[in-house]
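Right, one structure below, let's go through it.
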Amino acid sequence: MLKFTFDFEKTKAALLHLASKNLPEFTKYKAVKLLFLADREHLLRFGRPITGDSYDALPYGPVPAHVLTTLGGMETILSEEGQLQVTPDACTLAKSFALEVGEYPTYRAIEAPDLEQLSESDIIVLDKIAAEFGHNSFRAIYDYTHALKAYTAVWRDGATRRKFPMSFEDFFLDAPEKIPMLEEIIEDQAIRDAFGVVRV
């Protein structure tokens, strides 16, 4: 299976960059869906995701596993509902965002993103996703992501389990023209795993 390394500083910069766009209803669930769409887009175009997080299929769609936990911890801190068992990453994010109280808390950035953490292609893709999906309702994004084959390939309605690990290979199911790129990424990872090097 394809695997990538989660990069918290890059992820923090990506979240702050999205928040800087003043998107409506920028809640935890909208944030994780936009990150999913950005990671998917970047993987399909440039051969790697932005955050490196692993993904799970949940009832409300595909989510980056570490980011979802981190945002939940950040909300716990910012809402002053207790700070037990929150991760260091959640504590760091809590210094970068404020919560706007509503039916679902929305995020407001209180610091600028560190764009040095993001590549040019990261920013291009984040801007594209923000423009295409950032002003859509949560329901519209929910419907779109639920229809993607990367999600439908693993989600099982009516199953006892409510979380299914997703595969980066499945991100390519809706883009068969990108299969040669997928094969190259798999080969590169196999070489790296075997010899500790990446093919140039």
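The values are calculated or read from the model by the stated rules, or taken from the named source; none is laboratory data. Just so it is clear, the structure is predicted and the values come from calculations on it, not from any experiment. As a convention, Cβ positions derive from the backbone with ideal geometry for all residues, glycine included, and neighbour counts pool all protein chains shown.
Yes/no per residue for (1) part of a loop (DSSP other than H, G, I, E, B); (2) touching a helix residue (DSSP H, G or I) at 6+ places or on another chain (Cβ under 8 Å); (3) within 19 Å of LYS3 (Cβ to Cβ):
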| position | (1), (2), (3) |
| --- | --- |
| HIS135 | yes, no, no |
| ARG139 | no, no, no |
| ASP143 | no, no, no |
| ALA150 | no, yes, yes |
| ASP157 | yes, no, no |
| THR160 | yes, no, no |
| PHE171 | no, yes, yes |
| GLU177 | no, no, no |
So which pairs qualify, if the first residue must be in the stretch 48-62 and of a type in the set (Phe, Trp, Tyr), the second must be in a strand (DSSP E or B) and surrounded by 18 or more Cβ atoms within 10 Å (Cβ to Cβ), the Cβ gap must be under 9 Å, and the two must be at least 6 apart or on different chains? TYR55/PRO62; TYR55/VAL63; TYR55/PRO64
With respect to ALA31, determine if the residue is within 11 Å of the chain's Cα centre (by Cα), small (Gly, Ala, Ser) and either buried (at least 18 other Cβ atoms within 10 Å of the Cβ) or closer than 27 Å to ASP157 by Cα (or both). yes
Take the residues in the stretch 150-187 that are at pLDDT below 90 and either of a type in the set (A, V, I, L, M, F, W, C) or farther than 22 Å from HIS66 by Cβ (or both), then tell me which one is surrounded by the most Cβ atoms within 10 Å (Cβ to Cβ). ALA159
What single numbered condition from (1) out of contact with any strand residue (DSSP E or B) (no Cβ under 9 Å at 6 or more places or on another chain); (2) buried (at least 18 other Cβ atoms within 10 Å of the Cβ) fails to hold for TYR55? (1)
Given the conditions (1) acidic (Asp, Glu); (2) surrounded by fewer than 14 Cβ atoms within 10 Å (Cβ to Cβ); (3) over 17 Å from VAL32 (Cα atoms), and given that ASP143 satisfies all but one, which numbered condition is not satisfied? (3)
Look through the stretch 63-72, keep the residues that are assigned to a helix (DSSP H, G or I) and of a type in the set (A, V, I, L, M, F, W, C), and return whichever of them is surrounded by the fewest Cβ atoms within 10 Å (Cβ to Cβ). ALA65
Please state which one of GLU80, GLU75, GLU103 is acidic (Asp, Glu) and in a helix (DSSP H, G or I). GLU75
